[in-house]
Amino acid sequence: MRYRFPTWQRALTAAGASSSAGLLLWGCTQLPAETRPSAFASQRLQTVVRADTSGYETAPPRDPNGIGTYYMGRQIAHVMGHEGASWLERRGRRQEEGTDLLLKELQLKPTDVVADIGAGTGFFSFQLAKKVPKGQVLAVDIQPEMIAALQDNKRRLNAPNVRPVLGTTTSPALPADSVDLVLIVDAYHEFDHPREMGRAIRRALRPGTGRLALVEYRAEDPNVPIKRIHKMSVEQARKEMAAVGLEFIESKETLPQQHLLLFRRK
């Protein structure tokens, strides 16, 4: 989604960032409090457990906004704590990220089962729910506080086909062979265990038809004013997805600043 926060509110006020332009500037140049990991992020660094170490390397962070773990040469970024939830619902996000266009590009069917992984407060989950009125949206997050926010928003928005799901850093807790589309927006680069999560996502996709839609800021474009650790290249994404058995379909480059990369289960 996707992040971080402590002193950002005072900074935004001082910068006069209540306008859309101000929010866009902050959204693109430095994500809130990204250099100060939340308590949640700090805790996860102390509880690293992996069943498969392939592709992982532990080394001092080259970027202070990342953890000391590298996957297939890429430094993993700090996760956003629930304290930054309002960032996900910020004004100007629809225009900044072209979210309406993204939803259209997914080409969903009314009966689809969609998993929104890293759902946060449900910015995408509740929009997806309208696209699949006869289907279901599984809104996955690893923080109980985000799940509570999803439950509150579900009641407030009267969205019975959204089901909040508490996952872990190694599994989105989805049934096997059950999901038509997995959507991950600006969150994959923060996964502690991308190999384990990737394998679990592959298992959850329907054989033959299930797709993964991976949305990440374009690392190849220097004009995208996001710090490098929060970007991904098509080459890196394809390499990491291939390692877990996901086949590249295409890259849609219609969004203002992000790749929309589509993969399928082999």
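The values are calculated or read from the model by the stated rules, or taken from the named source; none is laboratory data. Worth saying up front: this structure is predicted, and the values here are computed from it rather than measured. Counting neighbours? That spans all protein chains shown, and the Cβs are built from the backbone with ideal geometry, glycine included. In case anyone asks, the SASA skips ligands and DNA or RNA and just uses the protein heavy atoms, side chains included. Shrake-Rupley method; radii C 1.70, N 1.55, O 1.52, S 1.80 Å.
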Tell me whether the range 107-202 comes out rounded, prolate or oblate; compute the Cα gyration tensor, take square roots of the eigenvalues as a ≥ b ≥ c, and use a/c under 1.5 as the rounded threshold. oblate
Multiplying the sequence separation of ASP100 and GLU145 by 0.36 nm and subtracting their Cα-Cα distance, what value in nm do you get? 13.5 nm
Return the loop-located trypsin sites (Lys or Arg not before Pro) in the range 102-209 (DSSP other than H, G, I, E, B) with at most 15 other Cβ atoms within 10 Å of their own Cβ; answer none if there are none. LYS134
Label point distance in nm, THR168-GLU250, each placed 7 Å from Cα along Cα→Cβ: 3.8
Calculate the FRET efficiency for ARG228 and ARG91 from the Cβ-Cβ distance with a Förster distance of 22 Å, rounded to the nearest 0.05. 0.25
If you take the square roots of the eigenvalues of the alpha-carbon gyration tensor of the range 126-266 and sort them as a ≥ b ≥ c, do you get rounded (a/c under 1.5), prolate (a/b over b/c) or oblate? prolate
Taking a probe of 1.4 Å and leaving out DNA, RNA and ligands, the range 93-239 shows per residue an accessible area in Å² of 40
Hypothetical label at THR209: residues of the range 108-132 whose amide nitrogen lies under 17 Å (7 Å Cα-Cβ projection): 108-115, 132
